[in-house]
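Each remark here refers to the structure printed beneath this line.
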Amino acid sequence: MTKSLHECFHLPNPRLPLLFLAPMAGYTHAPMRRLCRQHGAALTYTEMTNDLGLLHASDKTWHLLETFEDEGPVVAHLYGSDPVSLSEAAARVEQTGRFAGIDLNAGCPVRKITANGAGAALIHDPRRIHAILAAMRRAVRLPLTLKTRLGPCPDRVAIFEILDAAEQAGADALALHGRFTSQGHGGPVHLDLLAEVKQRARLPIIGNGGVTSPRDAWHMLQETRVDAVMIARAAIGNPWIFEDTQAALACGNEPPATAFAGARPRRDLTEIRNALETHMAAEVELIERIRERYALPRNAAETDETLATTFRCHLFRYLHGLKGSSYVRARLHELQTLDAIRAAVASCLEREAAYRASAPDTQR
Ligand SMILES: Cc1cc2nc3c(=O)[nH]c(=O)nc-3n(C[C@H](O)[C@H](O)[C@H](O)COP(=O)(O)O)c2cc1C
C-alpha cells in the first residue's frame, strides 16, 4: 500500500498542506535549507550530486551533501544515468544516516548533464528510469522519489509512461515540474496535466513550477490536488514564503492577488537584516566545516572572499524591491568580503527605512 508523504518522511501535522524546498544547484546547500526549514519548509532537497563522484569518494562531490545536524529532514538529490552506479551511490548515501530520502533527477535540461544521458535525457527513456529506480529501490530502504518534467516538448507528453515506470519500480513519490524540457524554467506551468497525473497516480505527487506567492500555491493545490507544493526560485532570499503560504492556506480562501506578479509582502527591515545575518553566519559555519572535513583544492581566495562570492547571488534576492538595491547591485564587484556585504546591506536598509518613513502606506 502506498504511504502518504507524511508517513513516508515522518512529517508532523498531517492536516497542514506540505510545502517543500526544491533542489537548486548552487543554492540549496545547508544554510538555505536550514533557514527555509525554520520558516516552514517541511522537507528540503540538496543540490544535485553526481553518482560517480560519490562512488569515487570525491571530496568535491561529497561536500555537496554536507548537512547541519539541526536542519530537519533532507532528501539527497542524485543524478546519473546508470542503474548500477546510481544504486551503489544511493546505498552509500543511505549509510551516512543523514538523509530522510533519496531522489533521482530526471529533469535537468543543462547540456553538460543531458549529454551524459542524465537529467532530462532520461525523460526520453522511461524504461531506463524504471531500471534505475528499481535498482535504487533494491539498494536502499529510505523513501525514494523521482523529480521530473512533463515530457521533452508539448507534443511529446511522456509523464504518464514515467509515472507507470516510477510506480512499477517502487518509488514512494514523484515530484513533477509542470513544464516541458523545451521550456527550461520559463513559460506556462501546465496545471491541467499536473491534475491529470495526480488523478491517475497511486503514489503521492509533489507539484512544482511557477509558485511565487501564497496565491499561486493555493491555485496549484485547488486545481491539481497535489499532495505537496515544491517551491524553488521564489524561496531564494525569501525563506518567509513557506510560513506566509502556510498562514494564507490556513484561512482556506483564495489569497488576495498582489499588485505585481511575484511581488512580496512588505517585510519588516529588522527581519530582513536578521535573516541575512543568520544566513551569512550559516555560510561561514558550513565552509569551516567543509574545510575541516574535505580536501578541496585551496585556491588563492580567503574564506571570506569565497563566501562573499557565493553569498552575492542570495543577497540580491533578499534586497529585492528595496530602495537602494540597485545601488548595491551596481557595486557588486566591490563586495569582496562579508564586511563589505554588511556595509552595503546597512546602506540599502537605511534607504528603504527612509523611504518607508516618507511613504508608510505604500504596499510593495
Ligand atoms: C538555479 C537553479 C538551479 C536548479 N537546480 C536544479 C537541480 O539541481 N535539480 C533539479 O531537479 N532542478 C533544479 N532546478 C529546477 C527547480 O528545482 C524547479 O524545478 C524549477 O525552478 C521550477 O520551480 P520554480 O518555478 O518554483 O522555480 C533548478 C532551478 C534553478 C533556478
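Every read-out reported here was derived from the displayed coordinates using simple, explicitly stated rules and does not represent laboratory data. Please read these numbers as outputs of a predicted model, since none were measured by experiment. Glycine also receives a Cβ, built like all others from the backbone with ideal geometry; neighbour counts cover every protein chain displayed.
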Mind running the shape call on the range 269-358? Use the C-alpha gyration tensor, a ≥ b ≥ c as the square roots of the eigenvalues: rounded below 1.5 for a/c, prolate if a/b tops b/c, oblate otherwise.
prolate
Here the longest stretch of the chain that holds no GluC sites (Glu not before Pro) in a DSSP loop having at most 14 other beta carbon atoms within 10 Å is 70-301
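Using Cα pairs closer than 8 Å and at least 6 residues apart in sequence, work out the relative contact order for the chain, in percent.
Working: 644 pairs, mean separation 51.8, N = 364.
Contact order relative to length: 14 percent.
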If one takes the longest principal axis of the Cα atoms in the chain, at what angle in degrees, from 0 to 90 and to the nearest 10, does the Cα axis of helix 83-95 lie?
60
Scattering curve values for the range 27-109, log₁₀ I(q)/I(0), Debye with Cα scatterers, q = 0.17, 0.24 Å⁻¹:
-0.63, -1.17
Using alpha-carbon coordinates, inclination of helix 191-200 to the longest axis of the chain, degrees
40
In degrees between 0 and 90, to the nearest 10, how far off the longest principal axis of the chain does helix 303-318 point, with axes built from Cα atoms?
90
Compactness of the range 71-186 as Cα Rg over 2.2 N^0.38 Å, two decimals
1.00
What percentages make up the Cα-Cα pair-distance distribution of the chain when the bins are 10 Å wide from 0?
5, 24, 32, 25, 12, 2, 0
Once the in-chain neighbours fewer than 8 apart are removed, the aspartates and glutamates whose Cα is under 19 Å from Lys112 read Glu47, Asp51, Asp82, Asp125
Calculate the dipole size of the chain relative to its Cα centre from +1 charges on Lys and Arg beta carbons and -1 charges on Asp and Glu beta carbons; express the result in debye to the nearest 20.
500
Tell me, Kirkwood radius of the range 139-178 from alpha-carbon pair distances, in Å?
10.8
Placing +1 on each Lys and Arg Cβ and -1 on each Asp and Glu Cβ in the range 5-250, then taking the dipole about the Cα centre, the residue among Gly186, His29, Met48 whose Cα reaches farthest towards the positive end is Gly186
